[in-house]
Amino acid sequence: EKLDQGLEKTKESFFSKLGKAVAGKSKVDDEVLDELEEILISSDVGVETTVKIIRRIEARVARDLYLNTAELDQILREETTALLAENNLAEIRGFHIPQGITKPYTILVVGVNGVGKTTTIGKLAAQYKANGKKVVLGAADTFRAAAVDQLKLWGERVGVPVISHGMNTDPASVAYDAVETGQREGADVVIIDTAGRLHNKVNLMNELSKIKRVIQKFVPEAPHDVMLVLDGSTGQNAILQAREFTKATDVTSLAITKLDGTAKGGVVIGISEEFKIPVKYIGVGEKVEDLQVFDRKAFVNTLFK
Ligand code: GDP
């Protein structure tokens, strides 16, 4: 039900438009498909992804010869779930630590300021801890005093240690300390916050590669996950950020926040399709439990219900 509430605006906007598009029509024809195309694009699904979904539905129209508009929701749901499945083949389970890794499981969190990076880290820490895992946080976004303070606040609230050297210190040194501490104290998970300076891509790349280099001294395969946090309510802007970050570093998972209070929830489908990077978490509110493991079936079922 939380997902239902969180995606309410996206659903409302999508279905009121879809309802209008099929009003008085019984058959899915070119006109309905054109309207559907516009609706999907205006729901931030993205042009290319929309075209793919429309092609899939066209193929079904061609195969079944006659498609009832009353069945359109169902067909959309099936085709979109199938599309997401193709992109999330390596579906990673959230709040999960793979077997056989060198501990601690190390997550490097990247994303521009304001997308909900710190909050997502706090929520992740809280949920891992609630699952009985030992967590250490690293405040390597040393560019902003507020980011360091906010992470410390989360650490206190959740009851997990936050490694910090203060503002303007070397992010790689914080990351080193965090992973070293994590390993020494037998932590299960180390989550490292990094600065979101996308406007200076060379700096960003250098900083991230330095962080990776130093933490590999303890954990050769670290980071196990490079998670990009995107603000879903910014729609196409989130896609632009994803393009930049994936050019700067190897992003291995996505967290898409602030899907509550926006009608742009379709962006999750567009991002998944364009980048073929598994969406691991979605944020549908401010509370800890509002960071949810992304479940494509539940997501699509909620969206097209
Ligand atoms: P950062 O600059 O990327 O670290 O962003 P913050 O973590 O400080 O988050 C910015 C704001 O977004 C804060 O007020 C958060 O409470 C809020 N926020 C983060 N995730 C969500 C979400 O899923 N839903 C809502 N409604 N707010 C969120």
task: Determine the pairs where a residue that is touching a residue at least 60 places away in the same chain (Cβ under 8 Å), located within segment 134-147, has a partner that is not in a strand (DSSP E or B) with Cβ atoms under 6 Å apart, the partner being 6 or more residues away or on another chain.
output: Ala140/Pro171; Ala140/Val174; Ala140/Ala175
task: Return yes or no: is Gly270 buried (at least 23 other Cβ atoms within 10 Å of the Cβ), on the phi < 0 side of the Ramachandran plot and within 16 Å of the ligand (Cβ to nearest atom)?
output: no
- request: Please specify each residue of segment 273-305 satisfying the condition of being within 16 Å of the ligand (Cβ to nearest atom), of a type in the set (Lys, Arg) and surrounded by fewer than 21 Cβ atoms within 10 Å (Cβ to Cβ).
  value: Lys287
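Can you find, within segment 63-80, the residue that is surrounded by the most Cβ atoms within 10 Å (Cβ to Cβ) among those that are among the hydroxyl-bearing types (Ser, Thr, Tyr) and at pLDDT below 85?
Among those that are among the hydroxyl-bearing types (Ser, Thr, Tyr) and at pLDDT below 85, it is Thr69.
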- request: Among what's in segment 209-239 and is assigned to a helix (DSSP H, G or I) and within 16 Å of the ligand (Cβ to nearest atom), pick the residue that is farthest from Lys123 (Cα to Cα).
  value: Asn237
task: Output the residues belonging to segment 241-267 that are within 16 Å of the ligand (Cβ to nearest atom) and assigned to a helix (DSSP H, G or I).
output: Gln241, Ala242, Glu244, Phe245, Val267
query: Among the numbered criteria (1) in contact with a helix residue (DSSP H, G or I) (Cβ under 9 Å, 6 or more places away or on another chain); (2) part of a helix (DSSP H, G or I); (3) touching a residue at least 12 places away in the same chain (Cβ under 8 Å), which single criterion is violated by Gly182?
result: (1)
- prompt: Which one is farthest from Ser173 (Cα to Cα) among residues in segment 195-206 that are within 16 Å of the ligand (Cβ to nearest atom) and out of contact with any helix residue (DSSP H, G or I) (no Cβ under 6 Å at 6 or more places or on another chain)?
  reply: His199
task: Residues being under 18 Å from Glu286 (Cβ atoms), more than 10 Å from the ligand (Cβ to nearest atom) and of a type in the set (A, V, I, L, M): count how many of those fall in segment 100-155.
output: 5
message: Among the listed residues Glu48, Glu78, identify the single one that is part of a helix (DSSP H, G or I) and without any contact (Cβ under 8 Å) to a residue 60 or more places away in the chain.
response: Glu78
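Of all residues in segment 210-242, which are free of Cβ contacts under 8 Å to residues at least 24 places away in the same chain and over 17 Å from Ala175 (Cβ atoms)? Working first, answer last.
Filtering segment 210-242 for residues free of Cβ contacts under 8 Å to residues at least 24 places away in the same chain gives 216, 237, 240.
Hits for segment 210-242 are Asn237, Leu240.
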- request: Output the residues belonging to segment 28-87 that are closer than 22 Å to Thr262 by Cβ and either touching a Ser or Thr at 6+ places or on another chain (Cβ under 6 Å) or among the hydrophobic types (A, V, I, L, M, F, W, C) (or both).
  value: Leu36, Glu37, Ile39, Leu40, Ile41, Val45, Val47, Ile53, Leu76, Leu83, Leu84, Asn87
- prompt: Going by the conditions given, is Arg60 under 17 Å from Asp73 (Cβ atoms) and surrounded by fewer than 17 Cβ atoms within 10 Å (Cβ to Cβ)?
  reply: yes
- request: Would you confirm whether any residue within segment 3-24 is within 16 Å of the ligand (Cβ to nearest atom), surrounded by fewer than 20 Cβ atoms within 10 Å (Cβ to Cβ), at pLDDT 85 or above and polar (S, T, N, Q)?
  value: yes
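The values are calculated or read from the model by the stated rules, or taken from the named source; none is laboratory data. Owing to the predicted nature of the structure, the values given are computational and were not obtained by experimental measurement. No Cβ is skipped: glycine too gets one built from the backbone with ideal geometry, and neighbour counts run over all protein chains shown.
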